[in-house]
Amino acid sequence: MRLKKLTIAAVAFVATLASASWARPPAELPPASFTGIQYVDSRGCVYIRAGSGSRTLWVPRVNRQRVHICGQQPTATATRSQRVIRPAPQPVQAPAIDKRTADIRGSTRVLPRHVWEIRQASKSISIPKGYQPVWEDDRLNPRRAEQSLNGIARTRLIWTRTVPRRLIDQSTGRDVTATIPLVYPYTDVAVQSDELGTVTIVRADGKVYKQISRK
């Protein structure tokens, strides 16, 4: 009976930590020889050991506001004799930038490098005479996998489940509630503008307010 209670308590504890959905998984897992209960990855984010038997889970550790705790000293997972001292990287001079392809805006479209390389290699491919494409759906879309910089930034925003709601940037873990003109539950300024109105950040008497101008 005691074992059953401990198991239920452990599951509840893991569920509580995992509910911080904006928390990121570890940048890298510790080696199998690591036996500590707490682990801090190379980014300084804290994780707690969970699971049972040979199965180990590393669950994000959160504070009272259910925000993932980061900014800590990474765990040294190797003994002193095993540590490798690597020389500091040599400074690399940045290449000259052509000021004519330098106007990068939020609407700029980007895509994964391997997709771009495949696209370049396939430019010389043509349909032989007497043949025609089999599919007419999006799998032959030459612009598939493209994203805008604005779109990528929006996917990194998430509202917490706390009261009041806080807007968190998943890529950095920072609270951006007071710097981005969004109100719950919106994470897209364009959609918010169409459905709700224009939101403006107003600062008065040392406080930050979000003013909504409805259409």
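Taken together, the residues in region 103-143 that are of a type in the set (A, V, I, L, M) and closer than 30 Å to Asp188 by Cα amount to 5.
From the list Ala153, Ala204, exactly one residue is aliphatic (A, V, I, L, M), in contact (Cβ under 8 Å) with a residue 40 or more places away in the chain and out of contact with any strand residue (DSSP E or B) (no Cβ under 8 Å at 6 or more places or on another chain). Which is it?
Exactly one residue qualifies, and that residue is Ala153.
Listed by position, the strands (runs of 3 or more DSSP E) enclosed by region 105-215 that each have at least 2 residues that are over 29 Å from Pro26 (Cα atoms) and in contact with a helix residue (DSSP H, G or I) (Cβ under 9 Å, 6 or more places away or on another chain) are 198-204. Scan region 59-68 for residues that are on the phi < 0 side of the Ramachandran plot and open to solvent by 40 Å² or more (accessible area, probe 1.4 Å) and the total you get is 4.
Let's see how each residue does on (1) hydroxyl-bearing (Ser, Thr, Tyr); (2) within 26 Å of the chain's Cα centre (by Cα); (3) open to solvent by 50 Å² or more (accessible area, probe 1.4 Å):
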site: Glu117; (1), (2), (3): no, yes, yes
site: Gly130; (1), (2), (3): no, no, yes
site: Pro133; (1), (2), (3): no, no, yes
site: Arg166; (1), (2), (3): no, yes, yes
site: Arg174; (1), (2), (3): no, yes, yes
site: Thr177; (1), (2), (3): yes, yes, no
site: Leu196; (1), (2), (3): no, no, no
site: Tyr209; (1), (2), (3): yes, no, yes
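The values are calculated or read from the model by the stated rules, or taken from the named source; none is laboratory data. Treat the numbers as computed from the prediction; the structure is a model and nothing was measured. Note: ideal-geometry Cβ built from the backbone for every residue, glycine included; neighbour counts use all protein chains shown. These accessible areas exclude ligands, DNA and RNA; they are computed on the full protein's heavy atoms, side chains included. Shrake-Rupley method; radii C 1.70, N 1.55, O 1.52, S 1.80 Å.
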